[in-house]
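Following: one structure in structure tokens, then a few remarks.
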Amino acid sequence: MNTLEDRLRDAYRAAADTVRPETVLPGGLRGLDGDGHPPARPGNRGRSRNPLLVPLAAAVAVTAVVGTVYVLGSHLFARHGGGRPTTAASPATPPFFVALNWTTDPSAFVVNAVTGARSARIHLPFPARYFVGVSTGDGRTFVAAEARPGACQTALYRFVLAADGRPSALTRFAAVPGLVSTPWDMAVLGNGRTIVYDTTGCGQPRPREIRRGYLAMVNTATGQAKRWTFTEGPAIGSGLLPCGGDTSLSASERTIGFCDRVVPTRAAPGPLALRSRIIAHDGEFGRTTSIGGMDIAPDGKTAYFATFRVKHHKPAGRSWQLRAVDLATGRTSLIRSFPGTQGTEAAAAADPTGRYLLVEYNPHPGGTRLARLNLKTGRLSQLSAGWAVEAAIAW
């Protein structure tokens, strides 16, 4: 870790520490604006962070706290197809996805899923510096997250892509306690009724120290929520959760992927370590190999993740591997190797049908590359990705 990163983290941590749990208002988001920068996960165990972007991506701390879900009008669900979650896989691969360049001035835009050409920009009704994520469960309805540090809450907005890729206006429909910190900390289903996210508590120690947090599954229409608690720390081999983010949810709403674990949604609330199982771990694919970027397939039967070499706690080597694990048998298979030291935080994003993966990687030399992988045929098609800066992809 370099001195610049230390200074940035300390500065943002000092600002975040002014928000204490006891100062959170019971009225949720109503009439209360945030006044600080949303924290970002620190990069642990050399995970997927472009070394040039680490000071920006890991500069701020993670917070989250108490309370129930504040729903801002269940009638909004009726405008977008009713209150029932859409859990069935889409019959066709969506022709567009939404990308978010989150480490630069946050901006989101629609992208052609075949060519990679950028089209319509997503117009945000809130300051871009508070835009921390966008996610979808069906490739049509998307949920955008706005962190509100002053309230220690995250506001949720919904928009829909038309058949030609044109986005509708964003409409706020709910809020959840705590701050979603990065684009990979949240997953949604259907029209946004079911939200899964992870967060750590407000007013906690600096990022290099131990923090306590939770993984939550929330019904934004009813306010019902379930939480699994965890302890997060920076030390490799400490027995603490080694990462944050990489949160995903199967279309059946039965399985959550988080960090290096899977959690059955039927599991009772409680300690995450007791309610989940690890599907892969550092060192499993070589003594100096780390894992990252786990994502549950829409059918809930497979999880995809990246493996890459680590030297002096940083990604090293000339290639990294995209792997799949069968969640029923535990058998792991190699899908493909890609050039570069590592994939991005979500190394592969599946379309709602589960037929394709969008793989984002950073070969040397050069910038970000984006490829579309047909899982049935193995065909890899390169997309234009000149717009990508460690982009988060919602497809």
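Bear in mind that the values in this text are calculations on the coordinates, not laboratory data. Predicted model, so just to flag it, every value in this text is computed and none were measured. Every residue, glycine among them, receives a Cβ derived from its backbone with ideal geometry; neighbour counts consider all protein chains shown.
Worth pointing out:
- Electrostatic dipole magnitude of region 245-292 [Cβ: Lys, Arg +1; Asp, Glu -1; Cα centre; debye, to 20]: 220
- Under 5 Å from the amide H of T353 lie the amide H atoms of S90, each residue being 5 or more positions distant or on a separate chain, with H modelled from the backbone and absent for Pro and chain starts.
- Phi to ³J(HN,Hα) by Karplus 6.51 cos²θ - 1.76 cosθ + 1.60 over region 144-150, Hz, x for Gly, Pro: 9, 10, 10, 6, 10, x, x
- Sorting D351, D326 from the fewest to the most surrounding beta carbons within 10 angstrom yields D326, D351.
- Distance from region 119-156 to region 286-317 (C-alpha centre basis), Å: 27
- Three semi-axes describe the equivalent ellipsoid of region 290-395; taken as square roots of 5 times the Cα gyration tensor eigenvalues and ordered largest first, they are 21, 18, 11 Å.
- Likely footprinting exposure, D246, D299, D105, fewest C-beta neighbours within 10 Å first: D105, D299, D246
- Two-site label geometry, R331 and H281: point separation in nm, points 7 Å out along Cα→Cβ: 2.3
- Estimated inter-spin distance, N112 and A268, nm [label 7 Å along Cα→Cβ]: 5.4
- Span from the region 167-188 Cα centroid across to the region 347-386 one, whole angstrom: 25
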